[in-house]
Amino acid sequence: MPHTFLLLVPFGAPFVASLMAIFLPSRARNAAAGLAWLTSLAGLLCLVALFPAVASGEPVRWSMAWLPTLGVNFTLRLDGLAWLFAVMVQGIGALVVLYARYYMSADDPVPRFFAFLLAFMGAMTGMVMAGDLIQLAVFWELTSLFSFLLIGYWHHNAAARDGARMALTVTAAGGLCLLAGVVVLGRIVGSFDLDVVLASGDLIKNSPWYLTALILILAGALTKSAQFPFHFWLPRAMAAPTPVSAYLHSATMVKAGVFLLIRLWPVLAGTDAWYVIVSTAGMATLLFGAWSAVFQNDLKGLLAYSTISHLGLITLLLGLGSPLAAVAAIFHTVNHATFKASLFMAAGVIDHETGTRDMRKLSGLRRSMPVTAALAIVAAAAMAGVPLLNGFLSKEMFLAEAVAHTGGRHLNLALPVLATVASLLSVLYSVRFIHQTFFGPPPVDLPKTPHEPARWMRFPIEVLVGLCIIVGVLPAITIGPILAVAVRSVLGPDVPYYSLALWHGFSLPLVMSMIALVGGVTAYKLLGPRINASQRPWVVGRFNGARAYDRAMRAFNNGAAWIVQRLGAARQQARLRAIILTCLLAAVLASGMAGLGFDEAGLTIQRPGLGFTLLWIIGGSCAIAAAWQAKYHRLASVVLVGGAGLVSCLTFVWFSAPDLATTQMLVEVVTTVLLLIGLRWLPKRLPGLASPQQEAKARRRRASDLAIAILAGAGVALVAFAVMTRPSASPLARYFLDHAYSEGGGRNVVNVLLVDFRAFDTLGEITVLGIVGLTIWALLRRFRPAADSLGHTEQKRIQDDSDDRREDRKLGDTLSETMLIPRVVMRWLFPFIVLLALHLFLRGHDLPGGGFAAGVTLSIAFILQYMASGARWVEERLEIRPLVWIGGGLLIAALSGVASWLFGYPLLTSWFRYVDLPLIGKTPLASAVVFDAGVALLVVGATVLMLVAIAHQSLRKSRPVPPVVAEEDAV
C-alpha cells in the first residue's frame, strides 16, 4: 500500500493540480506557481522514496482493469529506466516552474500556463510509467496535445500558432503510427502487458509481422524525437515561451521518442532492419543538426538545432545494437537534459534582461551579467564535451563505441570519422555561442539595459550547472548507482562492463576527442567572421523540412479544394443528396454482396395494424408536407417536422418503449424551439427572381429529392419496424433484460445500458456532444445575421420590451400586451420545470427518465426564459456558464468511472446497494447516478451553449449586404 501511494502521486498529482490551476484567477501568479512547484516536488520526493524498491530489481507495479474484454489494463510500472525518466520529468519540471514564475509576464494568464504545464507533466509521467502498450500510446498522444497548448500559449503570435500546429501535426501523425504498431506488437505477443512483451523478444523478431510493427513504432519514435527527416518541427516550436522550450526539449517532449527506443530496445534491436533505419536516421540527424546549429543567429535556434543533433547521437547509439552503446545512450540522455535545460534557461534570461536573442546584437554580456555568463559558459562547455564536465564522459563513451564498430556494416566503416566531425561541429557552435554572447565589446542599442536577473530566476540554472560539474568530477558516486539500475532494467542481468572513470589512459577515443576540441576552436578562430556573416547554411537551404511541410500542407489544401470544386456543391441540399445516395448505395451493395435479407438477418416483416398504419401515414404526410413547404413557408415546415417527430414519439409508445418516447418528446421540443429561434436569422427567400427555365429545373430537382427521401425514409422505417416487431428478444437483448437489475441495480434496462453496460460508449458520446456544442458556439461567434432579419419587427419589440414600459406606449407596441400573460407563465414555469428535471433524473434508473432526459428538460427551462424575455433580461438575472456545465459534466462522468479503480474494479463499473435512510427508509443507491449526473450537466451545457450562441445574434451588427443577389440563390 505505501508503494501504491508513492507510485500514484507522481502520476496523478499533476492532473489534479492542473484542474485546480484552471479555476484560479488569471492574476493568481504566485498561487499557480506555488501549486505547480509543490506538485512537482511532491512527485520527486515520492520517486526518491521508491528508489530502494526499484533498485532491488523488480518493477513496482499498480494495475487496474481498464478494458478487460480487450485485454487492456491500466498499469503503472516503475523500473530503473522509468524511474530515471520520471525523475527528470519531475525534477527539471520543478526547476522550470520556479524559473517560469519570474520569466512569465504579469499580464499573461499565468494559471492557464501552469495548468497546461502540469497536465503535460502528468502525461509525460504516465507515458514513462505505462505498463501497457495501449496505455503508453494514449499518454503519448496526450503529450502531443498538451505540448500543442504549451507551444501555442502565446496564441496572439502567428509564429507560435504555426509552430504549435506543425508540432501537433507531425507528432500526432507519428502517434497514430505508434498506436498501429503497438497493436501489431500486441497481436504478435498475445498481450499488451509490457512485462509480457519485454519477455517475448525472440517471438517478436521471428514473426512475419516484425517489420511492419518495427516501421510503425519507429515512425512514432522518430517523429517525436525530431529525427531526420522529421526534424523540422522542433525549431518552429521555439516560438513557445522559453520555460516551455527548456522543459519540452531537454527532459520531456523530444525525449519521449528516445525513451520508446530504449524501452523496446531489448525486443526490437539486433536486426538488420533496426540497424539500417535507426542508425541511418541518427547519423543523418547528428550531422545535419550540428551543421545547422553552427549558422544560427538566434540563441534558441542554435540550441534547438543542437538538441536535434544530440538526439541524433542518442538515436545512433541505440541503432548500433550494442549493449555498451545502449548504456552510452542512456547516460547521454541524462547529461543532455541537464546542460540543455540550463542553456535554454540562460538564453531566456538573456532575452528577458536584454530584449533580444539575436547573437549579432549581443556581445560582452560577461561585464553586465557575470554570473549568468559563467553559468552559461560552463553549460555550453558541457555541451561541447570539455573534460571534467558530464558531457565529456558520455561523449567519450560515444567515441569509444564509434571505434568499436569499425568493421562489418556499411555505416561502421565511416563511423569514427563522422563521429569526430560531429563532435568538432558541436565544439564549434558551442564556442560561437560563448564568444558571440559574452565576449567582445559592450553591446549597443539593445531594447533593454542588460543586468542580472532575480536571484530565484537564476537558481534553477545554478542547480543544473552544478549537476553538470558534480557528475563530471564524481561520476561513479553521483550518477553511477542510478545509471546501473536504469541499465539493468533494459539489458537484464547480463550487463557488460563499463567504466565511469575520468581517465582511461591514452586511447583512440581520447585522441578523437582532443581533435574535436582543438579543431572546433580553430575552426571558429579561422571561420568565425564568415559564419557570423552567413544567413543560412547550404545544407539547410537544400533540405528545408519546414518548407517541404508547408508545401505538403498547401498541396493537401489545394487537393481538397479541387475535390470540393469538382465533386462538391455550394448548396446544402446537393450535399445532403450526395450523402443520402451514398448511404443508400452502401446499404444496397453491402446487403447484396453478403446476400443478407430480412430473413437471413432474423427479421420478419409483419402486417401492421390499421391504427398503426394510420399513425405512420400521418407522420409520413407531415414529413412530405414539411419538405414541400420548406421553400417559402419555413415556419409551417418546422411545425410539420415537429408533427413527424410526434408520430415517432407515439410509435415508441405503441411498442411499449416509454423511456425512448419521453426522450424523443423532450428532444423534439428543444430542437423545434431552437429551429424556430434560428429561423429569424435566416435571410429572406424572395420568389419571382428566377427564369422559367430555372423554375423548371428546380421543380425537377425537388421531384428527384422527394423520390430519394421516400426511398431512404421507407427503407429506414422498414428496418426499424422489423426490428421493433420481432416476436422474441435476441440473445443479446435477453442478456440485458436478465442482468440489468442483478448487475446494474436498475429496472430501466435502457438507462442501465447507457450508464453501466455501455458506459464507456456513453462517455465517448457525451464527449462528442460537448465538442459539437463548442463547435457550433465557435462558428456562430463569427456569424453575423442578415440585415433584413434585424429590422424593428414586432417580434423584436416584444423581446426587447422591458418590465418598466412607458405609459405613452405607441399603438404599434400594443401587441406586447398580448404576450404579457404567456411571458409571465413561462417565467413562473422555470422552478416547476427544474423540479420535473430533478424528478426524471432521480427515477431514471428504475423508471422512464435518466440523465439525458433530465438534461434536456432543464434545457427547456432556460429556453423558455430566453423566449419570454430575451437574452439581456435572462443573463442579467441568471449567471449561465454553459462552458462550466460542459466541463464539469464531463469531469464528473470521467471521475465517477475512475473511482471504481479505487475499489479494484474495472473502469466505469457501477456499485449499488440498498441503504436505510432516515425518514425515507430502504432506498436503492447506485454509483451510476453520479455518472448520470455528469451526462445531465453536459447535456444542459451543450444545449444552452447553442441557445446562447443563437440568442446573442440579436446583440450583434448585421453582415454587409451583397450588392447583387444571384438568381440561383433566389431559387
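Does any residue of the stretch 307-321 turn out to be more than 30 Å from Ala533 (Cα to Cα), touching an Asp or Glu at 6+ places or on another chain (Cβ under 7 Å), touching a residue at least 12 places away in the same chain (Cβ under 8 Å) and not in a helix (DSSP H, G or I)?
Among the residues of the stretch 307-321, not one is more than 30 Å from Ala533 (Cα to Cα), touching an Asp or Glu at 6+ places or on another chain (Cβ under 7 Å), touching a residue at least 12 places away in the same chain (Cβ under 8 Å) and not in a helix (DSSP H, G or I), which makes the answer no.
So which of Met238, Met283 is under 30 Å from Ala119 (Cβ atoms), at pLDDT below 95 and either in the same structural domain as Arg530 (by TED's automatic domain parsing) or not hydroxyl-bearing (Ser, Thr, Tyr) (or both)?
None of the others qualify; the one that does is Met238.
Residues are listed down the side, and each one gets a yes or a no for (1) among the aromatic types (Phe, Trp, Tyr); (2) under 38 Å from the mean Cα position of the chain (by Cα); (3) not in a helix (DSSP H, G or I):
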site: Ala346; (1), (2), (3): no, yes, no
site: Glu353; (1), (2), (3): no, yes, no
site: Thr356; (1), (2), (3): no, yes, yes
site: Leu388; (1), (2), (3): no, no, yes
site: Ser394; (1), (2), (3): no, yes, no
site: Glu401; (1), (2), (3): no, no, no
site: Leu428; (1), (2), (3): no, no, no
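Where residues in the stretch 499-527 are under 46 Å from the mean Cα position of the chain (by Cα) and farther than 24 Å from Val417 by Cβ, which of them is surrounded by the most Cβ atoms within 10 Å (Cβ to Cβ)?
Leu500
Could you tell me which numbered condition Leu24 fails, if it satisfies all but one of (1) surrounded by fewer than 17 Cβ atoms within 10 Å (Cβ to Cβ); (2) in a loop (DSSP other than H, G, I, E, B)?
If we test Leu24 against (1) surrounded by fewer than 17 Cβ atoms within 10 Å (Cβ to Cβ); (2) in a loop (DSSP other than H, G, I, E, B), just (1) comes out false.
Report yes if Lys361 is crowded, with 24+ Cβ neighbours inside 10 Å and among the charged types (D, E, K, R), otherwise no.
no
Restrict the check to the stretch 348-358 and report whether at least one residue is among the small types (Gly, Ala, Ser), crowded, with 24+ Cβ neighbours inside 10 Å and touching a Leu at 6+ places or on another chain (Cβ under 6 Å).
Within the stretch 348-358, none of the residues are among the small types (Gly, Ala, Ser), crowded, with 24+ Cβ neighbours inside 10 Å and touching a Leu at 6+ places or on another chain (Cβ under 6 Å).
Among the residues in the stretch 201-210, are any over 25 Å from Thr143 (Cβ atoms) and small (Gly, Ala, Ser)?
Within the stretch 201-210, one or more residues are over 25 Å from Thr143 (Cβ atoms) and small (Gly, Ala, Ser).
May I ask you to list pairs of residues, at least six apart or on different chains, whose Cβ atoms are under 8 Å apart, with the first in the stretch 383-405 being without any contact (Cβ under 8 Å) to a residue 40 or more places away in the chain and the second being surrounded by fewer than 24 Cβ atoms within 10 Å (Cβ to Cβ) and small (Gly, Ala, Ser)?
none
Looking only at the stretch 160-173, decide whether some residue is at negative phi, part of a helix (DSSP H, G or I) and more than 16 Å from the chain's Cα centre (by Cα).
Scanning the stretch 160-173 turns up at least one residue that is at negative phi, part of a helix (DSSP H, G or I) and more than 16 Å from the chain's Cα centre (by Cα).
Modelled with pLDDT under 95, at positive phi and outside the structural domain of Leu464 (by TED's automatic domain parsing): which single residue out of Gly57, Gly131, Gly80 fits that description?
Gly57
Here are some residues: Val772, Val824, Val723, Val750. Which one is surrounded by 11 or more Cβ atoms within 10 Å (Cβ to Cβ), under 30 Å from Gly620 (Cα atoms) and at pLDDT below 80?
Val723
For Gly888, are the conditions met, namely being touching a residue at least 12 places away in the same chain (Cβ under 8 Å) and surrounded by fewer than 19 Cβ atoms within 10 Å (Cβ to Cβ)?
So Gly888 passes the test.
Output yes when any residue across the stretch 951-958 is of a type outside the set (S, T, N, Q), more than 28 Å from Met826 (Cβ to Cβ) and modelled with pLDDT under 80, and no when none is.
Scanning the stretch 951-958, I find at least one residue that is of a type outside the set (S, T, N, Q), more than 28 Å from Met826 (Cβ to Cβ) and modelled with pLDDT under 80, so the answer is yes.
On the basis of being within 19 Å of Phe392 (Cα to Cα) and among the charged types (D, E, K, R), does Lys340 make the cut?
Yes: the conditions hold for Lys340.
For every residue, the table says whether it meets (1) of a type in the set (A, V, I, L, M, F, W, C); (2) surrounded by fewer than 24 Cβ atoms within 10 Å (Cβ to Cβ); (3) in contact with a Ser or Thr (Cβ under 8 Å, 6 or more places away or on another chain); (4) assigned to a helix (DSSP H, G or I).
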{"position": "Gly257", "(1), (2), (3), (4)": "no, no, yes, yes"}
{"position": "Pro266", "(1), (2), (3), (4)": "no, yes, no, yes"}
{"position": "Gly282", "(1), (2), (3), (4)": "no, no, yes, yes"}
{"position": "Ala293", "(1), (2), (3), (4)": "yes, no, yes, yes"}
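Yes or no: Leu864 part of a helix (DSSP H, G or I), assigned by TED's automatic domain parsing to the domain that holds Arg827, within 19 Å of Leu774 (Cβ to Cβ) and out of contact with any Asp or Glu (no Cβ under 6 Å at 6 or more places or on another chain)?
No, not satisfied.
Looking at Gly440 and the list (1) buried (at least 16 other Cβ atoms within 10 Å of the Cβ); (2) out of contact with any Leu (no Cβ under 6 Å at 6 or more places or on another chain), which single condition is not satisfied?
The one condition Gly440 does not meet is (1).
Under 6 Å between Cβ atoms, at least 6 apart or on separate chains: pull out the pairs that start in the stretch 115-133 with a residue that is part of a helix (DSSP H, G or I) and end on any residue that is of a type in the set (Val, Ile, Thr).
Ala115/Ile22; Ala123/Thr143; Met124/Val89; Met124/Thr143; Met124/Thr252; Thr125/Val89; Leu133/Val182
Please find, among Ile479, Ile470, the residue that is free of Cβ contacts under 8 Å to residues at least 40 places away in the same chain and among the β-branched types (Val, Ile, Thr).
On inspection, the qualifying residue turns out to be Ile470.
Against the condition among the small types (Gly, Ala, Ser), at pLDDT below 75 and closer than 20 Å to Ser394 by Cα, how does Gly505 come out, does it pass?
Yes, satisfied.
Looking only at the stretch 634-671, count how many residues are farther than 27 Å from Arg747 by Cβ and among the charged types (D, E, K, R).
1
I'm trying to understand the selection: among the residues of the stretch 358-386, which are part of a helix (DSSP H, G or I) and among the β-branched types (Val, Ile, Thr)?
Val371, Thr372, Ile377, Val378
The values are calculated or read from the model by the stated rules, or taken from the named source; none is laboratory data. From a predicted model like this one, the values you see are computed outputs, not experimental measurements. All Cβ positions, glycine included, derive from the backbone under ideal geometry; neighbour counts span all protein chains shown.
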